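Take a look at the structure set out below.
The values are calculated or read from the model by the stated rules, or taken from the named source; none is laboratory data. Please read these numbers as outputs of a predicted model, since none were measured by experiment. Glycine gets a Cβ as well: all are built from the backbone with ideal geometry, and neighbour counts include every protein chain shown. Each accessible area value is taken on the protein alone, full model and side chains, heavy atoms only, with ligands, DNA and RNA left out. Shrake-Rupley method; radii C 1.70, N 1.55, O 1.52, S 1.80 Å.
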Amino acid sequence: MTSSGTNPDPLAAAGRAGAWEMLLPAASAPPRARGRALQAALREAVRTGRLAPGTRLPSSRELAADLGVSRGLVTEAYEQLTAEGYLRSDRGAGTWVGVAARGALPRARDLAPRSPGAAVDFLPGTPDLSLFPRAAWSAAQRGVLAELPHHALGYPDPRGLPRLRTALAGLLTRRRGVAADPERVVVVSGVAQAATLLGIVLHARGVRAVGVEDPGSPDHEALYASAGLDAVPLPLDGDGLDTGALRASGVRVVVTTPAHQFPSGIAYSARRRAELLEWARAVDGLVVEDDYDGDFRYDRAPVGALQGLDPEHVAYTGSVSKSLAPGLRLGWLLVPASLAEEVVTRKRTMDLGNPVVDQAVLARLVERGDYDRHLRRCGRAYRERRDVLVAALAEHFPGTRVSGVAAGLHAIATLPGRHGPADRFLAATEAAGIAVRPLSSYTRTPPPDDVVRLVLGYAHVSPTRIREGIHTLATATSPT
């Protein structure tokens with residue numbers, strides 16, 4: 001920076017010829033048009049932001065020499081653009097791009113998923129990010145930075161910090177009934193990376209297909225496809241994944257959400273969980289257990305994880321995306337001993353480990369009980385919102401059936417037949433500015449069009465907005 005605080009001469013960094021290549025076509029224009037062409041090129045460079053406000057231009061003598069034109073031509077161009085306000089000239093200090101010239105500076109696009117801008121957003125999958133424990137996280141971060149030794153800021157163990165793996169093993173054993181050895185815990189960037197890691201390792205072993213729940217999360221299919229595995233949809237019944245269809249499919253790997261199936265909301269029955277493990281042992285297969293929101297159960301204690309019954313045939317994964325915030329990109333994968341070494345090797349080559357400071361902060365939150373307190377706070381809020389949603393549906397859509405266990409961040413609502421067909425209902429909903437998603441978005445075998453089945457996310461919506469949204473939805477879609 002110069003003493004005036006403006007941008008340095010770009011020629012110092014890029015070299016004269018390279019920095020002013022944009023003006024070379026003007027310099028090669030026919031002699032009579034050369035002056036106008038140079039002025040137009042400079043003007044366009046300022047307008048488009050290639051020459052940002054405050055950029056110092058070369059002297060007329062230097063630029064003329066670089067371009068191979070007369071100095072008078074450059075002087076005339078500078079004077080004309082100064083008169084127009086594109087440039088400014090300070091006697092004895094040179095010529096600069098004027099601050100009044102608002103060039104179209106390049107902008108970085110933000111491709112992060114965003115709310116559709118609806119009046120009320122009932123789309124599933126999002127926690128209430130306003131509940132994120134900023135004070136506790138900030139305090140833990142200060143404590144971690146004060147105590148973390150210098151060497152800990154080097155490349156970490158690709159499995160994760162031992163401190164965090166130990167804390168997670170204790171947490172998951174206590175809260176989810178997992179058989180958690182810290183040596184088998186791998187810290188990952190959420191369930192997505194866990195799925196990708198497993199997919200790569202399984203593909204290297206010759207696996208070419210993986211069973212997925214239908215209906216189920218479309219992310220599962222996409223993530224395993226990225227590792228070269230075909231997704232085989234498997235139907236559900238009232239107890240969980242249909243194990244008859246699973247056996248008939250011939251797959252040896254299946255992805256499940258047994259604690260709170262997404263999106264149907266059912267919890268696998270004890271009988272079905274046993275059948276699933278019997279299948280895995282019989283074919284020497286693998287069950288991938290996605291415990292994406294298993295901490296949130298409102299009518300009773302959460303059902304323990306399937307992994308605790310057979311750690312050698314179940315790979316267990318979860319994250320803080322639903323409990324804290326998805327933007328943290330922190331999760332865990334517990335792998336059977338037979339896969340551990342290969343998974344860790346792939347993790348090392350994939351990213352050399354997750355950010356050390358964030359891992360240490362999460363470990364501190366778990367160790368000091370802050371994470372448990374946060375889960376209790378969220379559980380109270382989400383239980384209230386689910387109750388409000390169920391009551392509002394009963395009031396404004398009498399006869400609606402809310403299925404699935406009282407858990408998680410979403411509910412399935414099947415509306416009475418008079419509200420169909422589904423396409424008409426959804427069109428009216430969109431026109432009213434209410435964002436909802438039908439169950440058909442998550443299945444390859446959509447229900448009949450005359451049945452309106454909605455997957456309603458409520459965790460990120462305040463009780464007042466839930467009531468307002470359901471009232472507006474009823475008004476907009478009332479059968480005539």
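Between the amide H of Val288 and those of Val254, Val255, Thr256, Ala315, distances stay under 5 Å, these residues lying 5 or more places away or on another chain, with hydrogens modeled in the peptide plane.
Based on DSSP H segments of at least four residues, each scored -39500 (n - 2.57), the chain has a per-residue ellipticity at 222 nm of -13500 deg cm²/dmol.
Taking only the C-alpha atoms of the range 45-192, Rg followed by Dmax gives 29.1, 83 Å. Taking 0.36 nm per residue of sequence separation and removing the Cα-Cα distance, the Leu352/Glu62 pair yields an extension gain of 99.6 nm. For the range 294-358, the equivalent ellipsoid derived from the Cα gyration tensor has semi-axes of 25, 20, 6 Å, listed largest first.
The dipole here belongs to the range 365-451: it is taken about the Cα centre, uses +1 on the Cβ of Lys and Arg and -1 on the Cβ of Asp and Glu, and is about 280 debye.
Between Ala427 and Ser462, the FRET efficiency estimated from the beta carbon spacing at R0 = 22 angstrom works out to 0.25.
Based on the Cβ-Cβ distance of Arg107 and Ala282, what FRET efficiency does E = 1/(1 + (r/R0)^6) give at R0 = 60 Å, to the nearest 0.05?
Working: r = 57 Å, r/R0 = 0.94.
Using R0 = 60 Å, I get an efficiency of 0.60.
Computed as a quarter of the hull surface, the mean projected area of the alpha carbon convex hull for the chain stands at 31.7 nm².
Residues in the range 340-445 average 45 Å² of solvent-accessible surface per residue, probe 1.4 Å, ligands and nucleic acids excluded.
For the pair Arg383 and His150, the difference between a 0.36 nm per residue extended length and the Cα-Cα distance amounts to 79.5 nm. Averaged over its residues, the range 69-226 has an accessible area of 53 Å² per residue, based on protein heavy atoms and a 1.4 Å probe.
Here the range 247-391 yields Rg over Rh of 1.00, to two decimals, using C-alpha coordinates and the Kirkwood radius. Taking a Cβ cut-off of under 11 Å around Asp157, the surrounding Lys, Arg, Asp and Glu residues balance to a net charge of +4, with basic ones at +1 and acidic ones at -1.
Across the range 309-315, rounded Karplus estimates of 3J(HN,Hα) from the backbone phi angles (6.51 cos²θ - 1.76 cosθ + 1.60, θ = phi - 60°) give 7, 7, x, 8, 10, 10, 9 Hz, Gly and Pro being marked x. Determine ³J(HN,Hα), in whole Hz, for all residues of the range 208-215 in sequence, where each value follows from phi through the Karplus function 6.51 cos²θ - 1.76 cosθ + 1.60 and θ = phi - 60°; x replaces Gly and Pro. Each residue's phi maps through the Karplus curve to give 10, 9, 9, x, 10, 5, 9, x Hz. Taking Lys and Arg as +1 and Asp and Glu as -1, the other residues whose beta-carbon sits under 11 Å from that of Glu147 total +3. Using a 1.4 angstrom probe on heavy atoms only, work out the carbon and sulfur share of the accessible area of the chain in %. Percent of accessible area from carbon and sulfur atoms in the chain: 53.
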